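The values are calculated or read from the model by the stated rules, or taken from the named source; none is laboratory data. Worth saying up front: this structure is predicted, and the values here are computed from it rather than measured. Quick reminder, even Gly has a Cβ in these numbers, built from the backbone with ideal geometry, and neighbours come from all protein chains shown.
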Amino acid sequence: MKLLSTLLAVTGIVLVSSTQYALAADLEAGEKIFSANCSACHAGGNNAIMPEKTLKKDILETNGMNSIEAITTQVKNGKNAMPAFGGRLADEDIEDVANYVLNQSEQGW
């Protein structure tokens, strides 16, 4: 029984460590994708085209854009002056950039 408990504990630690590493890697990938595709209009979480619609936490919340799903949908489909990136970026890249944007908004850009 003690061996089983030890194995479960070690497995849990490995899974947590792997998850944290994967999250960090996804945020790093998201930052690169953001820099290459989004920063022209959204540098520093701002919005050069529609200044009132920034990527700042409070504005994302106000506009119902404070979830991975909402940001992913916006990036894939575009809206107003924002073009759709669904045909240009892989789904994984869009999810990475959505995670990066949400994380940056939480950090205050």
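Of all residues in segment 74-87, those satisfying the criterion of being surrounded by fewer than 13 Cβ atoms within 10 Å (Cβ to Cβ) and within 18 Å of residue 50 (Cα to Cα) are 77, 79, 80, 81. Every test in (1) among the hydrophobic types (A, V, I, L, M, F, W, C); (2) under 13 Å from the mean Cα position of the chain (by Cα); (3) at pLDDT below 95 is passed by residue 75 save one, and that test is (3).
Residues in segment 54-109 that are of a type in the set (Phe, Trp, Tyr) and in a helix (DSSP H, G or I): 1 in all. Restricting to segment 50-73, and then to whatever is without any contact (Cβ under 8 Å) to a residue 24 or more places away in the chain and closer than 12 Å to residue 106 by Cβ, can you tell me which residue is surrounded by the most Cβ atoms within 10 Å (Cβ to Cβ)? Only one residue fits best here, namely 61.
Contact map, segment 36-47: first residue at pLDDT 95 or above, second residue buried (at least 18 other Cβ atoms within 10 Å of the Cβ) and of a type in the set (Gly, Ala, Ser), Cβ cut-off under 8 Å, separation 6 or more or different chains; pairs are 45/105.
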